[in-house]
Every structure is written in C-alpha cells, then in structure tokens.
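Notes for the one structure printed next.
Coordinate-derived values only; no laboratory data. Please read all numbers here as calculations on a predicted model, not as lab measurements. No Cβ is skipped: glycine too gets one built from the backbone with ideal geometry, and neighbour counts run over all protein chains shown.
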Amino acid sequence: MAEERSKREDEINRLFYLQSLYNQQYEALMNEITTMSIAQAALDRNLQLFEKRDTIKGTNILVSGEGGTYFEANVKDIKKVLTYVGAGYLVEKDIEQAKEFIGKNKEMSKGTLERLAGEKQKLESEIMRVQYAIEAMQQDR
C-alpha cells in the first residue's frame with residue numbers, strides 16, 4: 001500500500017514537472033508567434049509603402065533616427081531602397097527587386113506562423129492531457 005502510494009506520488013510529481021516544461025515551451029512559443037506577427041505586419045506596411053511611393057513624391061515625411069529622433073525630409077523620388085537581408089546587412093535594391101524580396105520574406109514568414117500555430121495547438125493538447133491526468137490521479141487519492 002505504501003509502495004503504491006509512493007509510485008502514485010512519483011507519477012504526480014513527474015506530471016507536474018512535465019506540465020511545468022510544457023508551460024515554459026508554450027510561453028516561448030507565444031513569444032515567437034508575437035515576434036513573427038510583428039515582423040509580418042512590418043513587411044505588409046513596407047509593401048503598402050511601395051504602392052504609395054508615387055503619392056508621397058514631393059511631400060514631406062518624418063524619417064526615424066536613433067533614440068526616438070525624427071527628421072523632416074522632402075521626398076524627391078524613390079528609385080532605390082536599402083533592404084534588410086539579415087545578420088545586420090542592408091542591400092540596395094530597386095523598387096521591384098525590393099518588393100519581390102519582401103514578398104518572398106512575407107510568404108516564408110506566413111509559413112513559419114502557420115507552423116508555429118500548429119505547434120501551439122499540439123502543445124495546448126498536451127498541456128490539457130497532462131492537466132487531466134493530474135486531476136484524475138489527485139481524485140483517486
């Protein structure tokens with residue numbers, strides 16, 4: 001009887017540990033989803049800006065500087081843009097090349113978000129399964 005109780009306690013402790021690990025994974029996954037969603041929105045805004053480039057020609061815009069500083073600038077023409085390609089590097093591209101590059105990044109980002117959503121759903125199922133197992137074992141005490 002005491003041995004059976006000890007095994008049950010060990011199993012409950014194992015399930016609590018597993019639940020804690022799953023919760024940590026879930027939190028990290030949600031942070032990654034949030035980061036990817038922000039990046040996806042930025043890509044969308046950039047693509048929208050490319051479409052508006054003719055309408056902003058000749059107008060004044062605010063250009064973001066470092067540390068919350070903004071500069072007012074007049075847009076003469078937009079023929080080339082500096083595009084972030086990763087690892088801290090920017091590459092000069094013409095508008096069409098930049099649109100294509102950003103469009104590909106957007107599709108890859110979308111695929112990553114879909115994969116993360118699937119992982120989130122699996123993890124939620126595992127968390128629920130472990131929670132039900134803990135509750136069932138605690139009721140059987």
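In a simple Cβ point-charge model (Lys, Arg +1; Asp, Glu -1; nothing else charged), the chain has a dipole of about 520 debye relative to its Cα centre.
Can you work out the FRET efficiency for the pair Asp10 and Ile33, with r the C-beta to C-beta distance and R0 = 35 Å, to the nearest 0.05?
Working: r = 34 Å, r/R0 = 0.98.
Step by step, r from the Cβ atoms, then E = 0.50.
For the chain, the longest principal axis of the C-alpha atoms and the axis of helix 2-51 are separated by about 10°. Magnitude of the charge dipole for region 27-71, about its Cα centre and with charges confined to Cβ atoms of Lys, Arg (+1) and Asp, Glu (-1), is about 320 debye. Here the label points at Leu113 and Asp54, each 7 Å from Cα along the C-beta direction, are separated by 2.8 nm in the simple model.
Within a Cβ distance under 14 Å of Leu116, other residues only, what is the Lys/Arg minus Asp/Glu net charge?
Details: positive: Lys110, Arg115, Lys120, Lys122; negative: Glu27, Glu32, Glu114, Glu119, Glu124.
My count for the surroundings of Leu116 gives -1.
Remark: relative contact order (the chain) = 32 percent; criterion is Cα-Cα distance under 8 angstrom and separation of 6 or more residues. Once the Cα-Cα distance is subtracted from the 0.36 nm per residue extended length, the Gln25 to Met1 segment shows a gain of 5.0 nm. Site pair Gln121 and Lys76 shows an inter-label distance of 5.3 nm when each label is modelled 7 Å from Cα along Cα→Cβ. The modelled label-to-label distance between Leu47 and Gln138, using points 7 Å beyond Cα along the C-beta direction, is 4.7 nm.
Ratio of Rg to Rh for the chain: 1.29 [Cα atoms; Kirkwood radius as inverse mean 1/r over pairs].
Per residue of the chain, what 222 nm ellipticity follows from adding -39500 (n - 2.57) for every DSSP H run with n ≥ 4, rounded to the nearest 500?
Details: 3 runs with 99 residues, N = 141.
Rounded to the nearest 500, it is -25500 deg cm²/dmol.
Does region 47-119 classify as rounded, prolate or oblate by the C-alpha gyration tensor (a ≥ b ≥ c root eigenvalues; a/c under 1.5 gives rounded; else a/b over b/c gives prolate, otherwise oblate)? Don't skip to the end; give the middle numbers.
Details: a/c = 2.14, a/b = 1.73, b/c = 1.24.
Cα axes put region 47-119 in the prolate bin.
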